[in-house]
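Inspection log for the structure reproduced underneath, given as structure tokens.
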Amino acid sequence: MIIDDVSSEAMVSRIGTAWRVADADAVIAVPKEIFRQEVVLGRRCLRLTGDVQLSDHGGALQMVLDLARGGYRTLDASDFFGVRLSVWGNGKIYSARLRTADTTEGWQDYRAYFDAGDCWHDLYLPFDEFEPHRIRRPLDPTRLTSLALSAVGRGFKADLAVAGVSFYR
């Protein structure tokens, strides 16, 4: 199931929801230089760049996509094994974060970590590798609400691009 192939000029996914940038708790106003659509090494992508700092509320940069659409509150991905990402980066560790109807607090999510190498590659992140963060329930792929790709947890220069997001079997 293709979630996004980054073909929309308006940064709207194939499922009809728009990408946005968020901090840990809310959508923030972010300069265009931090989150933009461009071409990297011949591939159209969404690119997130910026300094992740551990002070002054600068501890996270995230590109977020709501997965529920068309008036539904959740997306059922139980027919799939996990999330496939086509990514490029600067060799740093990033996280994919899933939220569900069970993650009712802003600090709760399910996390899988990945290395964004300096060439385009596809990552396969099985649902059972997403670890609960500040929630006791296991991930329920029948109740997905959003996906975030995050640079967080330590001070560094983030540079992450995504050219495709899908669920895989």
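What to note about this one:
- Of residues in the stretch 53-112 being closer than 22 Å to VAL152 by Cβ and of a type in the set (Ser, Thr, Tyr), the one farthest from the chain's Cα centre (by Cα): SER55
- Within the stretch 104-138, being farther than 20 Å from ASN90 by Cβ and touching a helix residue (DSSP H, G or I) at 6+ places or on another chain (Cβ under 6 Å) holds for one residue alone: PHE127.
- Residues of the stretch 79-134 satisfying the condition of being within 15 Å of LEU48 (Cα to Cα), surrounded by fewer than 17 Cβ atoms within 10 Å (Cβ to Cβ) and of a type in the set (S, T, N, Q): ASN90
- Subset tally (residues that are of a type outside the set (A, V, I, L, M) and either out of contact with any strand residue (DSSP E or B) (no Cβ under 9 Å at 6 or more places or on another chain) or at pLDDT 95 or above (or both)) for the stretch 18-35: 3
- If you check GLY50, GLY58 for being modelled with pLDDT under 80 and either surrounded by 11 or more Cβ atoms within 10 Å (Cβ to Cβ) or not in a loop (DSSP other than H, G, I, E, B) (or both), only one passes: GLY58.
- Strands (runs of 3 or more DSSP E) (entirely within the stretch 97-169) containing at least 2 residues that are closer than 29 Å to ARG43 by Cβ: 109-116, 121-126, 144-152, 156-168
The values are calculated or read from the model by the stated rules, or taken from the named source; none is laboratory data. Note that the structure is a prediction, hence the values are computed from the model and not measured. Note that we place each Cβ from the backbone using ideal geometry, even for glycine, and neighbour counts take in every protein chain shown.
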